[in-house]
Amino acid sequence: MPLSPNTLTLLGFVVSVAAGAAFALGKPFGGGLLILFSGVFDTLDGGVARAKNRITAFGGVLDSVCDRYSDGLMFLGIMAGAINGRLVLTPIMGIDGWLWAGFALIGSFLVSYTRARAESAGCRKLSVGIAERMERMLILAFGALSGFLGWALVLIAVFAHITIIQRVLRAKSILSKSPESEIQKP
């Protein structure tokens, strides 16, 4: 692979920006395809880093930051498309689609933040939960491709918040068992 892992990360980010734009323009099928395409880069960057023995702390930070921006821009694209009337999302349980996208966005950010914060507090690799980023993006992509984008947003919102609760409870369990001297101070 002639491209560096960081270049692959940035290419995946650019494709995610295009996915968000597709949603804002009322093109959910195109947005779904672009999410899947961005996932290829998201998978390749880490694999290339490992294969080329080029895993760096900065590469991990860049990947995480680009993932958060990607998530945010995709959900904002959905919200913009729903609000400007180009993307039709039928209310589910009496809640407009743009608001479900907002709940999904908050949940997506907090899934990552909860893990990072718990790990910085002394938890070892905290990967519990039912809605890691890959699962959320697959649900979003398949919802967009199948015409069930609204329901995909509901699933992402619900699963993300369940994952947050799972991680908080797991962190509590781990951190309450650790002696105070072993717990890292923020």
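The rule of thumb for compact globular proteins, 2.2 N^0.38 Å, goes into the C-alpha radius of gyration of the chain 1.10 times.
Would you please name the trypsin sites (Lys or Arg not before Pro) within the range 43-151 that are DSSP coil residues with at most 11 other C-beta atoms within 10 Å of their C-beta? Before the final figure, lay out each step's value.
Working: sites: Arg50, Lys52, Arg54, Arg68, Arg86, Arg115, Arg117, Arg124, Lys125, Arg133, Arg136; in loops: Lys52, Arg54, Arg86, Arg124, Lys125.
Within the range 43-151, the qualifying trypsin sites (Lys or Arg not before Pro) (loop, at most 11 other Cβ atoms within 10 Å) are Lys52, Arg124, Lys125.
Counting only protein heavy atoms and using a 1.4 Å probe, the accessible area of Asp96 comes to about 70 Å².
Excluding ligands, DNA and RNA, the accessible surface per residue across the chain is 53 Å² with a 1.4 Å probe. Normalised by the number of residues in the range 1-157, the mean separation of alpha-carbon contacts (under 8 Å, six or more apart) gives a relative contact order of 28 percent.
In this structure Ile162 has an accessible area near 70 Å², from a 1.4 Å probe over the protein heavy atoms. Computed over protein heavy atoms with a 1.4 Å probe, the carbon and sulfur contribution to the accessible area of the range 1-151 reaches 71%.
The values are calculated or read from the model by the stated rules, or taken from the named source; none is laboratory data. Here the structure is a predicted model, which is why all the values come from computation and not from measurement. FYI the Cβ positions are ideal-geometry reconstructions off the backbone, even for glycines, and counts take in every protein chain you see. Keep in mind that these areas ignore ligands, DNA and RNA; they rest on the heavy atoms of the full protein, side chains included. Shrake-Rupley method; radii C 1.70, N 1.55, O 1.52, S 1.80 Å.
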